[in-house]
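Enquirer: Below are the structure tokens for one structure; questions will follow.
The values are calculated or read from the model by the stated rules, or taken from the named source; none is laboratory data. Quick caveat: nothing in here was measured; it's all calculated off a predicted structure. All Cβ positions, even for glycine, are placed from backbone atoms using ideal geometry, and neighbour counts span all protein chains on display. Heads up: the accessible areas ignore ligands, DNA and RNA and are worked out on the full protein's heavy atoms, side chains in. Shrake-Rupley method; radii C 1.70, N 1.55, O 1.52, S 1.80 Å.
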Amino acid sequence: MAEPLFDRLCLLGVGLIGSSIARVARARGDIARTVVAHAKTPATLDRVRELGIADVVEADAAKAVQGADCVVFCVPVGAYAGVMAQVAPHLKPGAIVTDVGSTKMSVYRDLAPLTPKGVHLVPAHPMAGTEFSGPDAGFAELFQGRYVIVTPVAETDPAAVEKVREMWRRAGSMIECMDPATHDKVVAIVSHLPHLLAFTICSTADDLAEETKEAVLKFAASGFRDFTRIAASDPTMWRDIFLNNREALLEMLARFTEDAQALGRAVRWGEAGFIEDRIQRGRKIRTGLIERKQA
Ligand SMILES: NC(=O)c1ccc[n+]([C@@H]2O[C@H](COP(=O)([O-])OP(=O)(O)OC[C@H]3O[C@@H](n4cnc5c(N)ncnc54)[C@H](O)[C@@H]3O)[C@@H](O)[C@H]2O)c1
Ligand SMILES: O=C(O)C(=O)C[C@]1(C(=O)O)C=C[C@@H](O)C=C1
């Protein structure tokens, strides 16, 4: 087995993503010698102890980061600045601070000004997840075969970037580097807008059920069900994502609205060719995704 990459890895937040990192680190043994886990609530801390997925479980964030050579923010992106304010004075000189947050410009905005000199900030985002949250939801294979986007900037230390890349390689992921603004645009269309649509379609169906006093959802077959899986995601996490990728999300929503209206217009005027073309494009994207997965 290769030497562990880190002596002490500290996870701030042990929900779906943090607990999956803890599990893969434990399963492999070559990511960290010691895994320290910090969470906000006593219930989560107790559960992490029961699950036995970390070597040290620490209620105090400042104590948790002490001596860690890598600290991973695994909390909702809206909590970053507050957590960093607690831990910054206690970070080891030369330590790497990385994260798993779904937005990346906000990470620079919230963490960079508080990061002590000599500590390396290397933001990252695993493109892997589920609709479940909390420490029980995690699993060691979550990152297997999935992309992780790392978003260094010109000043980022290349050696620190390489260590973060290697951590994700060992977790089974494929790594791509991207600038933070491009990242936020890409995820706005492939992740944030689909969630916004899913939350909205469920609310609309719910309103309709109230208006018609009919159990609309009783008749939901697999099309609507697919939306409800996404809509079951954690409210705090998604509130924070929407508010911290506001510009890119609103831009994609505006484009989507225009395109949806164009399709609506085609339906109104019976433009069969236009309608069929849109459906064909959807099928092509689905087929392409499946082919890429099999390749
Ligand atoms: N769920 C996904 O599919 C997914 C995928 C990729 C990235 N992410 C990102 O990963 C991060 C974590 O998401 P998750 O799905 O693991 O969420 P989660 O709700 O399962 O876990 C969040 C954890 O953070 C803790 N926490 C919240 N506020 C805190 C605070 N102020 N101080 C300390 N701990 C705090 C919670 O107690 C919990 O342990 C988010 O930033 C999210 O954007 C999520
Ligand atoms: O699979 C899911 O349920 C997810 O929502 C995962 C998903 C995504 O949209 O693809 C959600 C947010 C993350 O930042 C990355 C991945």
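Enquirer: Is there a pair in K104/K185; K163/K185; K40/K185; K218/K284 whose C-alpha atoms are over 19 Å apart, and which pairs would that be?
Expert: The answer is K163/K185; K40/K185; K218/K284.
Enquirer: Now for a separate question. Among bridges DSSP assigns within segment 6-178, what percent are antiparallel (round to 5)?
Expert: The antiparallel proportion sits near 10 percent.
Enquirer: Within a Cβ distance under 13 Å of T212, other residues only, what is the Lys/Arg minus Asp/Glu net charge?
Expert: With Lys, Arg at +1 and Asp, Glu at -1, the net is -3.
Enquirer: Can you list residues from other chains, or at least 5 along the same chain, whose modelled amide H is less than 5 Å from the amide H of A39?
Expert: The answer is G13, E58.
Enquirer: For segment 182-291, what is the accessible area per residue in Å² when the probe is 1.4 Å?
Expert: Computed with neighbouring chains in place, this is 71 Å² per residue.
Enquirer: Give the value in nm², to one decimal: projected area of the alpha carbon convex hull of the chain, averaged over all directions.
Expert: Result: 18.1 nm².
Enquirer: Sticking with this structure for a sec: In whole Å, how far is the Cα centre of segment 165-189 from that of segment 92-144?
Expert: For segment 165-189 versus segment 92-144, the Cα centre distance is 11 Å.
Enquirer: Calculated from DSSP H runs of 4 or more alone, at -39500 (n - 2.57) each and per residue, what is the 222 nm mean residue ellipticity of the chain, nearest 500?
Expert: About -16000 deg cm²/dmol.
Enquirer: Hey, any idea what % of the chain's accessible area is carbon plus sulfur with a 1.4 Å probe?
Expert: Carbon and sulfur together cover 56 percent of it.
Enquirer: If one computes the Cα centroid of segment 204-222 and of segment 8-60, what distance in Å separates the two points?
Expert: The distance from the Cα centre of segment 204-222 to that of segment 8-60 comes to 41 Å.
Enquirer: At 1.4 Å probe size, with every protein chain present, just tell me what the per residue accessible area of segment 6-178 comes to in Å².
Expert: 40 Å²
Enquirer: Please give me the summed charge of the neighbours of M178: other residues whose Cβ is under 12 Å from its Cβ, Lys and Arg +1, Asp and Glu -1.
Expert: Its environment carries a net charge of -1.
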